[in-house]
Structure formats: structure tokens, C-alpha cells
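Shown next, in C-alpha cells, is the structure this report addresses.
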Amino acid sequence: MSRVQREFVLWVGIAVAALLLFAGILRFQYRNTQNRFAIAVTPQPARGDAVFRAKGCAKCHGENAAGGQLGPALRERAASLPQLVTAMWNHAPRMYEAMNQAKLPYPTLSYDETGQLVAYLYLTGYSDEPGDARRGQELFRTKQCARCHTSDGNPGGAPGVQQLAAADSPITWTQALWNHGSAMESGMRREGIAWPRFQANELRDLYAYVRQASGRSGSETPVPAADPDRGWQVFQAKYCINCHSLRKPPGVAEVTSPPQRPQGPVLGTDGKLPPTFSQFGAAMLNHFPDMHRAMRSVGQTPPRFESQEILDLAVFLYGLHYLEPSGSPQVGASIFAWRGCADCHGARAEGTARGPALRGRGQPYTAVRLATNLWGHGTKMYERSRKAGRTWPVLQESDVGDLLSFLNTPIESRR
Ligand code: HEC
Ligand code: HEC
Ligand code: HEC
Ligand code: HEC
């Protein structure tokens with residue numbers, strides 16, 4: 001090769017490398033804008049719970065947001081970040097009035113507190129309402145549990161029904177069932193009983209029954225105070241990752257896999273998770289026998305769960321679905337006008353005498369930032385809109401992504 005040829009090849013090589021790098025960056029950026037995790041604050045349910053109590057929310061909504069006389073339970077309501085932001089916003093005026101009447105101080109929330117509170121409400125939305133013990137008793141019979149777990153002597157070594165509820169929620173109960181699963185499964189095979197499949201709220205109701213049978217009061221369950229980092233470790237260490245991916249591989253419509261390793265559904269952002277934690281537990285128990293068979297066939301020991309690992313797993317997986325909403329700045333601008341925000345803040349959110357500028361301040365809005373700022377300025381806004389005889393602007397869940405995207409776009413110069 002001549003020098004010129006060598007140089008030519010070198011330049012082509014550099015150009016190709018640059019193009020590949022550029023394509024890689026684009027692809028990375030594209031992925032990033034598709035799914036932005038709401039990592040503004042790392043959810044710590046225990047801290048969220050503390051904020052929930054300290055700010056007086058628990059006075060109306062009850063301990064663990066399980067419901068009280070003055071406010072509803074905030075459970076089993078498949079929450080998302082935008083849904084929670086709108087719920088808090090739409091609910092604000094009624095809350096101010098209720099708090100005024102009760103002479104309670106209006107709670108102020110810092111950015112971090114709002115973040116923890118919203119993350120806590122997110123997990124609360126997946127926590128179970130108390131189960132129906134009567135239905136549970138019926139299920140205990142029809143699922144054949146009563147054949148081994150009687151109330152008196154148990155020849156087969158199965159603990160009595162009074163001893164089954166050493167757990168404080170249906171999902172931690174799942175862990176007890178799971179860990180005893182091998183012994184139970186072989187017992188069942190001997191007795192000719194098929195492994196039970198749980199549907200909808202069956203596990204929750206069964207738990208309510210065994211809880212009642214053991215003489216423990218109430219089946220109100222705490223919001224899981226678990227550790228998502230630990231959950232990710234568990235997901236890898238307990239082989240979940242062998243069968244479940246967290247994302248759909250790009251460009252692959254159908255995942256095909258060797259028969260000895262049945263591919264489970266995608267559990268991350270591209271997939272769906274069961275609507276409550278007890279149903280998550282039920283889904284895990286439902287595939288217990290298949291999982292054991294599949295793992296034994298490749299020489300792996302089926303996993304057991306220690307301490308609260310199953311909770312950590314659940315909080316990790318549900319945490320993956322805790323996403324910043326995306327949206328369109330154009331649609332956001334229209335919504336800003338439709339909802340009456342523009343009347344005070346200006347059509348381009350550039351600020352007027354009636355309301356401050358919201359754009360072009362070099363501070364990006366996240367859903368949590370929007371919720372914090374709205375909350376902080378809410379009383380003043382409420383007073384002004386009441387004096388002006390306006391109704392409180394009600395937001396829709398789908399507005400949040402568009403509004404954020406509008407507010408985060410720099411102010412365009414006047415045409
Ligand atoms: C004075 C009693 C009271 C207090 C204090 C209170 N709430 Fe509420 N909350 C209610 C009532 C009543 C509802 C039912 C819906 C409504 O009236 O807006 C509700 C509804 C809600 C909803 C659901 C709204 C929906 O559309 O589903 C959320 C979320 C919520 N509250 C969060 C909170 C948070 C967070 C706090 C603490 C900062 C709090 N609440 C404090 C009484 C209260
Ligand atoms: C074939 C008999 C058999 C059947 C049917 C059966 N179990 Fe069990 N179960 C056992 C045995 C034996 C153990 C103890 C296993 C061990 O010690 O490892 C056990 C353990 C348990 C435990 C763990 C208790 C603890 O230590 O916390 C729970 C919970 C449980 N069973 C619930 C159920 C439920 C709910 C059903 C019905 C869906 C059911 N079992 C059906 C035999 C059975
Ligand atoms: C041997 C492969 C395999 C392993 C290992 C495995 N799963 Fe699964 N999983 C499946 C299959 C297949 C399904 C769907 C069919 C079914 O429900 O039995 C499933 C379903 C699920 C579902 C229900 C999803 C839905 O939308 O209803 C959840 C949740 C789940 N698995 C969690 C886990 C967790 C957590 C682990 C690790 C402890 C795990 N799985 C390990 C194969 C596996
Ligand atoms: C009646 C007039 C009025 C309307 C309508 C109104 N606002 Fe406001 N807004 C205000 C005023 C006044 C403030 C500043 C309050 C303060 O300083 O405490 C404010 C503050 C805010 C803030 C906090 C400022 C910041 O630093 O981030 C946000 C966010 C906001 N408004 C968004 C909205 C949105 C979204 C709408 C429509 C759903 C809306 N506003 C409708 C008057 C209004």
C-alpha cells in the first residue's frame with residue numbers, strides 16, 4: 001500500500017469509528033429519553049413514612065395510609081408518579097379547607113420531603129387492603145390447605161393453622177410459604193394434591209384468615225420498608241435474572257429460548273407487574289414448581305429467601321416502574337392555557353403581574369420539583385384564585401409529562 005492509500009484507509013477507519021460512536025450516543029440518548037427513572041430522590045419508604053406522619057397526613061389517612069375517619073386509604077390504587085402529583089394538587093384546596101377548619105397548620109414540604117413522600121405513596125398504592133378472612137377460610141378449604149394444616153394434631157408434621165401467620169403482610173407470608181415449599185410440594189404429591197394456583201386477591205384473603213385463626217388482630221399491613229439495592233442483588237443471586245429480563249431486547253419481537261429454560265415475562269419498564277404486592281407474591285408461588293423443575297434440570301439449587309429478601313425484590317422491581325413522565329412541549333403549552341395557568345403566568349409562562357415566571361430560570365423541573373413548588377405556593381395561589389372567583393385548576397394525570405416538558409423548554413424569543 002502506498003502512503004496515500006494507507007492514509008486513506010486510516011481516515012476511512014476514523015470516520016467509521018466516529019460514526020459508530022455518534023450512533024451509539026444517539027441510541028443511548030434515545031433510550032434515556034424513553035425511560036427516565038425518577039431518581040431525583042432515592043426512595044426510602046421508612047423516611048417517607050416518617051414524613052407522612054410528621055406532616056399530619058396520617059391524621060386523616062390513618063397509620064400506614066390504611067385509611068381513617070377523615071380520609072380514605074391510599075392503597076391498591078396502582079399509583080404512578082404523575083398520578084400522585086395530580087392527586088395531591090387536585091386534592092389541595094379541600095385539604096386547606098379541612099385543615100383551616102381543624103385549625104391545623106398547613107404542612108410545608110421541602111424538596112427531599114416531597115420526594116420521599118411521593119415515593120412512599122407510590123409503594124402504598126401497591127400495598128394490600130386488609131383481606132377478607134371469611135373468604136380466606138373458604139379458600140383454605142378449597143385449596144386443600146386444611147387437609148394438612150388442621151387445628152389439632154397433624155400426623156404429617158404440618159404446623160397447625162394457628163401457627164401459620166408468623167409474618168406481618170401477605171408478601172412476607174409468601175416467603176414463609178416459599179421456603180417451606182419443597183416440603184409442602186412433596187407432601188402434596190404424596191397426597192395427590194396439585195400445587196395451588198392463586199388468583200386475584202386469594203393470597204391476601206388466605207393471609208387474613210390464618211392471621212385471624214392465630215388470634216392476631218387486624219390484617220392491616222405496613223407499607224414495605226425495604227431496600228431496592230438489596231433487591232437487585234437478590235434478583236441476580238436467586239437466578240430470577242436467568243429467566244426474566246428487565247428490558248425487552250431492542251428489535252426482538254418474540255423471545256425464543258431453549259425449552260429447559262422457560263423465558264418469563266419482562267419485569268422492568270417494558271413489562272408489567274401484578275397490581276398489588278400480594279399478587280406479586282401469588283405470581284411467585286404460582287411458578288414455584290416449574291421454577292424448581294427448570295432449575296434442578298440444570299443442576300441449580302432452588303433459592304430460599306432470608307430476612308426480608310422477597311420484600312427487597314418487590315421494592316426493587318416496582319421501583320423500576322417509578323418513572324418520570326415524558327411529554328411534548330407543544331401539547332404542554334396548550335394545556336397550560338386550557339387549564340387557566342396562562343391567565344396568571346402568561347402564555348409562555350414568562351410571568352405576569354398575577355403570577356411569576358416559571359420558565360427560563362435555569363432550574364429544570366422534575367415531577368417532584370413541580371409537586372414541591374406547587375405545594376409550597378399552593379396557599380397563595382388558592383387565595384388568589386378564590387378572590388378572583390376562579391375555580392381551582394384541575395390537572396389530569398396525562399398533563400404532567402407535557403407540562404414538565406413545556407416548562408423545561410427555554411423561552412422562545414418573540415416572533
Ligand atoms: C384533613 C384531612 C386530610 C389531611 C390532613 C390529608 N388528607 Fe389527603 N385526602 C383527604 C380526603 C378527605 C381525601 C379524599 C379526596 C378528596 O376529598 O380530595 C384525600 C385524598 C388524598 C389523595 C388521593 C386523591 C385522589 O384523587 O385519589 C392523596 C394522594 C392524598 N390525599 C394525600 C395526602 C397527603 C400526602 C397528605 C399530607 C401532606 C394528606 N393527604 C393530608 C383528607 C386529608
Ligand atoms: C400435603 C400437606 C400440605 C398441604 C396440602 C399444605 N401444606 Fe403448608 N405445610 C406443610 C408442611 C409439612 C409444612 C412444614 C414444612 C417445613 O417445615 O419445611 C408446611 C408449611 C407451611 C407454611 C409455613 C409455616 C411457617 O413456618 O411459617 C405455611 C405458611 C403454609 N404451609 C401454608 C399453606 C397453605 C396456605 C396451604 C394451601 C394453599 C398449604 N400450606 C397446604 C404441608 C402442607
Ligand atoms: C426457570 C425460569 C424462571 C425463573 C428462575 C424465575 N421465573 Fe418468574 N416466571 C417464569 C415464567 C415462565 C413466568 C410466566 C408463567 C408463570 O406464571 O408460571 C414467570 C412469571 C413471573 C411473574 C409474574 C409476572 C406477571 O406479569 O404476572 C413474576 C412477578 C415473577 N415471575 C418473578 C420472579 C422472580 C422474582 C424470580 C426470582 C426469585 C423468578 N421469577 C424466577 C420463569 C422464571
Ligand atoms: C390565579 C392565578 C394563578 C393561576 C390560575 C395559576 N397560578 Fe401558579 N402561581 C400563582 C402565583 C401568584 C404564584 C406564586 C405564589 C407564591 O409566590 O407563593 C404561583 C406559583 C406557581 C408555581 C411555583 C413557582 C415555582 O417557583 O416553581 C408553579 C409551579 C405554578 N404556580 C404552576 C401553575 C400551574 C401548572 C397552573 C395551572 C394548573 C397555575 N400555576 C395556575 C398564580 C397562579
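If I model a spin label as a point 7 Å beyond the Cα along the Cα-Cβ vector, how far apart are those points for residue 354 and residue 373 in nm?
Simple spin-label model gives 1.9 nm for this pair.
Taking the Cα centre of the stretch 133-319 as the origin and placing charges on Cβ (Lys, Arg +1; Asp, Glu -1), which of 140, 266, 221 is farthest toward the positive end of the dipole?
Towards the positive end, the residue furthest out is 140.
Determine the sum of side-chain charges near residue 117: Lys and Arg each +1, Asp and Glu each -1, restricted to other residues whose C-beta is under 11 angstrom from that of residue 117.
Counting the neighbours of residue 117, the net charge comes to 0.
Given a Förster distance of 41 Å, report the FRET efficiency between residue 147 and residue 225 from their Cβ-Cβ distance, rounded to the nearest 0.05.
Between residue 147 and residue 225 the formula returns 0.70.
Put a dot 7 Å past each Cα toward the Cβ at residue 199 and residue 248; how far apart are the dots in nm?
Going from the residue 248 label point to the residue 199 one covers 2.7 nm.
Can you list residues whose amide H is under 5 Å from residue 328's amide H, if they're 5+ apart or on another chain and H is modeled 1.01 Å from N?
Those qualifying (amide H under 5 Å, at least 5 residues apart or on another chain) are 402.
Choose one of 162, 4, 279: the residue whose Cα lies farthest towards the positive end of the charge dipole of the chain (beta-carbon charges +1 Lys, Arg; -1 Asp, Glu; about the Cα centre).
Of 162, 4, 279, it is 4.
For the chain, what relative contact order do you get, as a whole percent, if you take Cα pairs closer than 8 Å and at least 6 residues apart?
21
Which of 325, 222, 72 moves the most in a Gaussian network model of the chain with Cα springs under 10 Å?
Result: 72 has the largest fluctuation of those listed.
Mind sorting 291, 381 by how few other Cβ atoms lie within 10 Å of their own Cβ, fewest first?
Ascending Cβ contact count within 10 Å gives the list 381, 291.
Count the lysine pairs in the chain whose Cα atoms lie under 29 Å apart, taking only pairs 8 or more positions apart in sequence or on different chains.
Going through the chain pair by pair, I get 12.
I want the local charge near residue 133. Using Cβ-Cβ distances under 12 Å, sum +1 for each Lys or Arg and -1 for each Asp or Glu among the other residues.
+2
Looking at the square roots a ≥ b ≥ c of the eigenvalues of the Cα gyration tensor of the stretch 311-387, which shape do they give, rounded for a/c under 1.5, prolate if a/b is larger than b/c, or oblate?
Because a/c hits 1.5 or more and a/b exceeds b/c, the stretch 311-387 counts as prolate.
In whole Hz, with x marking every Gly and Pro, tabulate ³J(HN,Hα) for the stretch 58-75 from phi via Karplus 6.51 cos²θ - 1.76 cosθ + 1.60, θ = phi - 60°.
Those phi angles translate into 5, 4, 9, 8, x, 4, 6, 6, 8, x, x, 6, 9, x, x, 5, 10, 10 Hz.
Mind putting a number on the dipole of the stretch 133-319 about its Cα centre? Charges go on the C-beta only, +1 for Lys and Arg and -1 for Asp and Glu, and I need it in Debye to the nearest 20. Numbers along the way, then the final one.
On the way: 20 positive and 16 negative charges, 94 e Å.
Roughly 460 debye, rounded to the nearest 20.
For the chain, set up a Gaussian network in which alpha carbons nearer than 10 Å are linked by springs, and say which option among 135, 296, 53 fluctuates the most.
It is 296.
Rounded to the nearest 0.05, what FRET efficiency is calculated for residue 216 and residue 304 with R0 set to 22 Å and r the Cβ-Cβ distance?
After rounding to 0.05, the efficiency reads 0.35.
Pull out the extension gain between residue 347 and residue 138, defined as 0.36 nm times the separation in residues minus the alpha carbon to alpha carbon distance; nm, one decimal. Walk me through the numbers before you get to the answer.
Values: separation 209, 0.36 × 209 = 75.24 nm, distance 6.03 nm.
Length gained, residue 347 through residue 138: 69.2 nm.
At R0 = 35 Å, how high is the FRET efficiency between residue 9 and residue 236 if r is their beta carbon distance? Nearest 0.05 is fine.
Here the calculated transfer efficiency is 0.20.
Near residue 359, within a Cβ-to-Cβ distance under 11 Å, what is the net charge of the other residues, with Lys and Arg +1 and Asp and Glu -1?
0
Using Cβ contacts closer than 10 Å as the measure, can you line up 91, 180 from fewest to most?
Values: 91 12, 180 15.
Fewest-to-most ranking of 91, 180: 91, 180.
What 222 nm value per residue comes from the helices of the chain, counting each DSSP H run with n ≥ 4 as -39,500 (n - 2.57) and dividing by all residues, nearest 500 deg cm²/dmol?
After summing the helix terms and dividing by residue count, I get -16000 deg cm²/dmol.
Using a simple charge model, +1 on the beta-carbon of Lys and Arg, -1 on the beta-carbon of Asp and Glu, nothing else, what dipole does the stretch 349-415 show about its Cα centre, in debye to the nearest 20?
400
No lab work stands behind these numbers, since they all come straight from the coordinates. This structure is a prediction, so every number in the text was calculated from the model and none was measured. As a convention, Cβ positions derive from the backbone with ideal geometry for all residues, glycine included, and neighbour counts pool all protein chains shown.
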